[in-house]
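Structure first, commentary second.
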Amino acid sequence: QPSYNFIDGGYLKVELDELPLDPTGFFFRGSAEVAENWFVHGGFASADDSTGFLDVEVDQFNFGGGYKTGLGENTSLDFSLDYVKAEASAENRFGYTASADEDGYGLGAGIRSMVSDSVELNAGVDYIDMDTSDGLEFNVGAVWYVTEMFGILAQAGVDEDSNSQYMIGGRLSF
């Protein structure tokens with residue numbers, strides 16, 4: 001089964017369906033098993049973009065825990081509950097600014113499978129409920145383990161409003 005002890009990070013690209021912005025930035029996240037079948041995890045992502053008229057920055061933080069169970073020798077199913085916080089700010093070329101700060105919770109379910117000794121495939125769905133919005137997010141990803149400890153990852157996700165995000169980076173497993 002895939003390890004739940006890891007740290008990863010890398011490049012992030014966000015595509016917003018209703019805005020002429022495609023913020024880019026970085027992400028990092030980690031997970032640690034704390035007892036048999038139980039884990040804690042968290043992460044931070046930051047992205048920004050500018051159109052020449054408008055500058056936008058978005059930060060998101062999550063922290064929580066979950067339960068995992070085996071679905072055979074190479075596959076696990078997990079469920080999680082998270083605290084989620086998001087902050088966004090925008091400034092136009094005239095100096096007018098706006099910002100928003102929301103928090104809430106997330107419920108998630110995912111499946112991870114080692115389809116070979118060096119390749120993990122994963123997929124998940126999350127329900128996020130924030131102060132003024134809620135909805136589903138879907139994601140799929142893969143990790144190619146170059147060594148037992150280091151892997152290269154790629155992940156794509158989309159929410160109910162057709163906003164999408166893409167991540168590419170590295171994973172250090174321990």
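The values are calculated or read from the model by the stated rules, or taken from the named source; none is laboratory data. Note that this is a predicted model, so its numbers are computed, not measured. Counting neighbours? That spans all protein chains shown, and the Cβs are built from the backbone with ideal geometry, glycine included. Surface areas here come from the heavy atoms of the whole protein model, side chains and all, with no ligands, DNA or RNA. Shrake-Rupley method; radii C 1.70, N 1.55, O 1.52, S 1.80 Å.
Brief remarks follow.
- Distance between the range 102-127 and the range 158-172 - C-alpha centres, whole angstrom: 12
- Convex hull of Cα atoms in the chain, direction-averaged projection (nm²): 9.9
- Ligands, DNA and RNA aside, residue 83 has an accessible area near 90 Å² when probed at 1.4 Å.
- The range 45-100: equivalent-ellipsoid semi-axes (sqrt of 5 x gyration tensor eigenvalues, Cα, Å): 40, 13, 5
- Per-pair calculated FRET efficiency, R0 = 35 Å: residue 166 and residue 97 via Cβ, rounded to 0.05: 0.80
- DSSP-loop trypsin sites (Lys or Arg not before Pro) across the range 6-113, with at most 12 other Cβ within 10 angstrom: 93
- Plainly put, the range 119-174 has a radius of gyration that is 1.10 times its Kirkwood radius, both from alpha-carbon atoms, as the Rg/Rh ratio.
- Cβ-based charge dipole, the chain, positive-most Cα from 67, 24, 165: 67
- Legend: calculated FRET efficiency, residue 89 to residue 158, from the Cβ-Cβ distance at R0 = 22 Å, rounded to 0.05, equals 0.35.
- Surface accessible to a 1.4 Å probe, per residue, for the residues of the range 1-156, Å²: 56
- The chain, relative contact order [Cα under 8 Å, separation at least 6], %: 20
- For residue 132, solvent-accessible area (1.4 Å; no DNA, RNA or ligand), Å²: 110
- Surface listing: 81, 16 arranged by accessible area from highest to lowest gives 81, 16, probe 1.4 Å.
- Annotation for the range 82-158: GluC sites (Glu not before Pro) lying in DSSP loop with at most 13 further Cβ atoms inside 10 Å of their Cβ are 148.
- Here the translational diffusion coefficient of the range 19-69 follows from Stokes-Einstein with Rh set to the Kirkwood radius across Cα pairs; for 10 °C and 1.306 mPa s it amounts to 122 µm²/s.
- Amide proton proximity set for residue 21, modelled H, under 5 Å, gap of 5+: 16
- Backbone phi angles across the range 4-14, fed through the Karplus curve with coefficients 6.51, -1.76 and 1.60 (θ = phi - 60°), yield HN-Hα couplings of 9, 10, 7, 10, 9, x, x, 8, 10, 10, 10 Hz in residue order; Gly and Pro are listed as x.
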